Amino acid sequence: ECKRAGGARPLLFEPAMRERAQRRGTLEAELRQALARHELFPVYQPVVGLRAAGGDGGIDRCAGVEALVRWRHPERGIIAPGEFIGIAEECGLIGELGETVLFAACVDFMRWQRELGKHAPRLVAVNVSRAQLSNEGLVGKVRAILQATGMPAHCLQLEVTESLAAQDDAMQQALHALKALGVKLALDDFGTGYSSLACLHLLPVDTVKLDRSFICQAESNSHHQVLIEATVMVAHNLGMRIVAEGVETEAQSDAVRRLGCDKGQGYFYSKPLNFDALSAWLRDSALSV
Ligand code: C2E
Ligand code: MG
Ligand code: MG
Ligand code: MG
């Protein structure tokens with residue numbers, strides 16, 4: 001659709017562009033309302049431990065959960081973050097959105113501890129976008145939410161997408177300040193951008209999440225296997241854990257385990273679930289082990 005088609009093209013595209021800008025404007029206004037009306041909420045995807053002995057073929061089903069924001073739109077139903085995170089970043093709403101998700105995730109985590117005891121998740125991960133990291137107020141906000149909810153700092157993991165993290169001084173400083181609070185840090189989508197194994201040691205992260213573009217062929221593509229093994233080796237040498245993202249099949253799960261990944265996340269184990277469904281999933285897996 002982006003191919004050149006002759007001289008009249010700019011004119012042909014104008015209405016489409018105007019329409020897109022309008023839709024964007026509408027979405028922005030609606031997103032503002034959505035925050036005020038509490039239409040944003042997290043769902044949770046389990047992260048399973050792959051190195052546990054016994055049980056579900058060596059799988060520890062409640063190593064952690066990742067909070068993923070959803071928008072319950074009054075007319076359009078549930079909307080995924082791909083449609084609105086970018087807009088929230090551009091129009092300055094990402095800070096408020098981020099706080100909403102973080103607060104809800106901490107409240108829910110504490111509720112699981114009360115209701116599920118030893119079957120509760122041990123960690124909850126929350127995504128933080130670059131725009132949030134460059135906001136000087138972030139560390140104070142995180143500290144206030146930990147205090148208000150009683151959330152232990154070491155049970156919270158903040159996930160940052162790699163991009164140019166390692167080369168960016170301000171970002172490194174922000175990460176060190178968060179680290180000083182006692183929270184865990186993860187590098188998300190590793191392998192997609194300008195990630196470099198050589199720069200990994202510059203970042204104070206505990207966990208590297210290997211992007212699903214590597215995992216989807218982990219059982220068949222030898223090039224990807226070598227990359228996974230190399231990343232595991234470097235990360236382990238730096239004292240970091242490795243999570244394989246987007247595991248969709250048993251063969252992929254076996255492959256990433258064999259290649260040394262510590263944890264796995266993906267539809268093969270579970271899709272993202274709401275609070276109640278995740279509670280049920282954890283209770284069920286407790287019974288089946
Ligand atoms: P992410 O942090 O890398 O999260 C993983 C994404 O992959 C999620 O998409 C999840 O539903 C999807 N996924 C999990 N397992 C599989 C699988 O086996 N196959 C496939 N094809 N996909 C899988 P989702 O929920 O649409 O979120 C997309 C991205 O939006 C996230 O990627 C994250 O970068 C961002 N995001 C989500 N929630 C928040 C938030 O609260 N704040 C910010 N700043 N970003 C968020
Ligand atoms: Mg993530
Ligand atoms: Mg991401
Ligand atoms: Mg990811």
Requested in this report: In Å and from the alpha-carbon atoms only, list the Rg and Dmax of the chain.
Outcome: 20.2, 67
Query - Antiparallel DSSP beta bridges within the chain, percent to nearest 5 - result: 40
Report task. Taking the Cα centre of segment 173-289 as origin, sum charge times position over the Cβ atoms of Lys and Arg (+1) and Asp and Glu (-1), and report the length of that vector in debye to the nearest 20. Result -> 320
Report task. Calculate the spin-label point distance for F268 paired with R283, positioning each point 7 Å from the Cα along the beta-carbon direction, and give it in nanometres. Result -> 2.9
Query raised in the report: By a straight-distance test (C-alpha under 15 Å), which aspartates and glutamates pair with K209 as possible cross-link partners, with residues fewer than eight away in the same chain excluded?
Result: E66, E159, E162, D188, D189, E229, E245, D262
Query raised in the report: How big is D, in µm² s⁻¹, for segment 19-149 by Stokes-Einstein at 10 °C and 1.306 mPa s if Rh is the Kirkwood radius over C-alpha pairs?
Result: 97
Query - Histogram of C-alpha separations across segment 59-101, 10 Å bin width, % - result: 24, 44, 21, 10, 0
Query raised in the report: Taking the Cα centre of segment 224-279 as the origin and placing charges on Cβ (Lys, Arg +1; Asp, Glu -1), which of A255, F275, G239 is farthest toward the positive end of the dipole?
Result: G239
Query raised in the report: Whole number please: convex hull volume per residue of the Cα set in segment 206-289, in Å³?
Result: 100
Query raised in the report: Considering only protein heavy atoms and a 1.4 Å probe, what is the carbon-and-sulfur percentage of the accessible area of segment 124-221?
Result: 52
Requested in this report: Could you tell me the largest-minus-smallest coordinate of the C-alpha atoms of segment 139-219 on each of the three principal axes, in descending order and whole angstroms?
Outcome: 43, 29, 16
Report summary line: Residue-normalised value, i.e. accessible area per residue, for segment 92-194 at 1.4 Å probe, in Å², stands at 45
Report summary line: About its Cα centre, segment 111-161 carries a charge dipole, from +1 on Lys and Arg Cβ atoms and -1 on Asp and Glu Cβ atoms, whose size in debye to the nearest 20 is 160
Query raised in the report: In the structure displayed, which of K118/K141; K141/K179; K141/K263 lie more than 25 Å apart, Cα to Cα?
Result: K118/K141; K141/K263
Query - Electrostatic dipole magnitude of the chain [Cβ: Lys, Arg +1; Asp, Glu -1; Cα centre; debye, to 20] - result: 300
Query raised in the report: Using only helices, what value at 222 nm comes out for the chain when you add -39,500 (n - 2.57) per DSSP H run of length 4 or more and divide by the total residues, to the nearest 500 deg cm²/dmol?
Result: -14000 deg cm²/dmol
Requested in this report: Select from segment 107-205 those chymotrypsin sites (Phe, Trp or Tyr not before Pro) which occupy a DSSP coil region and have at most 15 other Cβ atoms within 10 Å, ordered by residue number.
Outcome: Y194
Query raised in the report: Ranked highest first by average number of other Cβ atoms within 10 Å, how do 234-247, 78-91, 59-72 line up?
Result: 59-72, 234-247, 78-91
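The values are calculated or read from the model by the stated rules, or taken from the named source; none is laboratory data. Everything numeric in this text was worked out from a predicted model, so none of it was measured. Positions of Cβ are backbone-derived with ideal geometry, glycine not excepted, and every protein chain shown enters the neighbour counts. SASA here: full protein model, heavy atoms, side chains in, ligands and nucleic acids out. Shrake-Rupley method; radii C 1.70, N 1.55, O 1.52, S 1.80 Å.
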